[in-house]
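Peer 1: This is the structure I have questions about; it appears just below.
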Amino acid sequence: MSWGRVSEWFKEHAWKVCVRATVPRVRIPPLPPVFYRYNIYMKRRVELFLRQILGLLLFFSAVATAMLAGRFVITESTRLGFLLWNLMLAWIPTAAALWFIPTGRSRRPILSIFLLLVWFLFLPNTFYILSDFIHLRSSGDINVLYDVVLLFSYAVLGFALGLVSLGVMHSWFRRTFSELVSASFIYGTIFLCSFAIYLGRYLRWNSWDIVTNPLGLLVDISDRVVAPLDHPKTLSTTFIFFVFIALTYSSFWWLAHRFSSLSSREV
């Protein structure tokens, strides 16, 4: 048998094997145990870091509440008491985001959708506290610097809660969907939060008004969407808050990933 005939024979039988061979089931071998240990270690480290941040936020929330109570005692007035209510509203989206994570891929879609809506509706309250500086003025009954520190404390707490809440949801969407979809959702949410801050500060709408008075809210929103140039304050307020929140969150997200990468190198 010549070499040419042997080559043709091999080609013929190789083709038959490729065509006729069927594989009923393919079993992908599991990852080595070291990868499981690494993933569990990183997950626990992230959870520990998140718990530490939430613990600090709870501690400083108590400190800010004590400062506000001290102001009530000194001035015998409940002025700026709305700060405590706004801080309580700022904790709602953070709690909803933390509760949403374990239910996001579960078989309880109704609960997941409900938590996602609660997070989305109450998230603007976290950044809204920054606009409470509009109430800063010298009342004569207490040092104005005390009010500066008090307002600053509540604004930082609310803003930090908003950043943490966005980061938690961004991480979940990034694991579930593509990078483009998750980033578009997060920054679109920031834009809507900026618009909601305008609605709350100047038109005095609240998060629950979407249930109690949806028609009136829809009228005000549609009026500004249809004719945005007729409402320059809407454009300026939304733009200023969007740029500031987006830049701050981008820095926060980059620092979190930087911390994560440095931690992975230490393993």
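The values are calculated or read from the model by the stated rules, or taken from the named source; none is laboratory data. Predicted, not measured: the structure shown is a model, and the values here were computed from it. Every residue, glycine among them, receives a Cβ derived from its backbone with ideal geometry; neighbour counts consider all protein chains shown.
Peer 1: Hey, any hits in the range 237-260 for a residue that's outside any helix (DSSP H, G or I) and over 30 Å from GLY81 (Cβ atoms)?
Peer 2: No - not one qualifying residue is present in the range 237-260.
Peer 1: A follow-up question, please. Here are some residues: SER178, SER184, SER194, SER165. Which one is hydroxyl-bearing (Ser, Thr, Tyr) and within 18 Å of TRP91 (Cβ to Cβ)? Please lay out each step first, then the result.
Peer 2: Values: SER178 fails: within 18 Å of TRP91 (Cβ to Cβ); SER184 fails: within 18 Å of TRP91 (Cβ to Cβ); SER194 fails: within 18 Å of TRP91 (Cβ to Cβ).
Matching residue, one of SER178, SER184, SER194, SER165: SER165.
Peer 1: If HIS231 meets every condition in (1) within 13 Å of TYR128 (Cβ to Cβ); (2) touching a Lys or Arg at 6+ places or on another chain (Cβ under 9 Å) apart from one, which number is that one?
Peer 2: For HIS231, the failing item is (1).
Peer 1: Looking at (1) in a helix (DSSP H, G or I); (2) at pLDDT 90 or above, find the lone condition where THR78 falls short.
Peer 2: Exception for THR78: condition (1).
Peer 1: Kindly indicate whether any position in the range 125-144 is farther than 19 Å from SER194 by Cα and among the charged types (D, E, K, R).
Peer 2: The answer is yes; a qualifying residue exists.
Peer 1: Let me ask another. Sort out which residues of the range 207-227 are in a loop (DSSP other than H, G, I, E, B) and surrounded by 15 or more Cβ atoms within 10 Å (Cβ to Cβ), and write them in order of number. So that I can check it myself, show each step before the final result.
Peer 2: First pass over the range 207-227, keeping only residues in a loop (DSSP other than H, G, I, E, B): 207-208, 213, 227.
Scanning the range 207-227 gives a single hit, SER207.
Peer 1: Select from the range 228-239 the residues that are among the aliphatic types (A, V, I, L, M) and surrounded by 10 or more Cβ atoms within 10 Å (Cβ to Cβ) and list them in ascending order.
Peer 2: First, the residues of the range 228-239 that are among the aliphatic types (A, V, I, L, M): 229, 235.
Within the range 228-239, LEU235 is the sole residue that qualifies.
Peer 1: Just give me the residues in the range 57-79 being under 18 Å from GLY158 (Cβ atoms) and β-branched (Val, Ile, Thr), in sequence order.
Peer 2: Selection gives VAL63, THR65.
Peer 1: Can you pull out the residues in the range 62-88 that are of a type in the set (A, V, I, L, M) and in contact (Cβ under 8 Å) with a residue 12 or more places away in the chain? Before you say what the answer is, go through the steps one by one.
Peer 2: Applying the first criterion (of a type in the set (A, V, I, L, M)) to the range 62-88 yields 62-64, 66-69, 73-74, 80, 83-84, 87-88.
Scanning the range 62-88 gives VAL63, ALA64, MET67, LEU68, ILE74, LEU80, LEU83, LEU84, LEU87.
Peer 1: Can you tell me which residues in the range 80-136 are surrounded by fewer than 22 Cβ atoms within 10 Å (Cβ to Cβ) and small (Gly, Ala, Ser)?
Peer 2: GLY81, ALA95, GLY104, SER106, SER112, SER131
Peer 1: Next question. Out of the range 134-151, which residues are assigned to a loop (DSSP other than H, G, I, E, B) and touching a residue at least 12 places away in the same chain (Cβ under 8 Å)?
Peer 2: At the first step, the residues of the range 134-151 found to be assigned to a loop (DSSP other than H, G, I, E, B) are 136-143.
Listed by number, the residues that qualify are LEU136, SER139, ASP141, ILE142.
Peer 1: Pick from the range 143-198 the residues that are loosely packed, with under 15 Cβ neighbours inside 10 Å and charged (D, E, K, R): which of them is farthest from PHE241 (Cα to Cα)?
Peer 2: For the range 143-198, the residue satisfying everything is ARG175.
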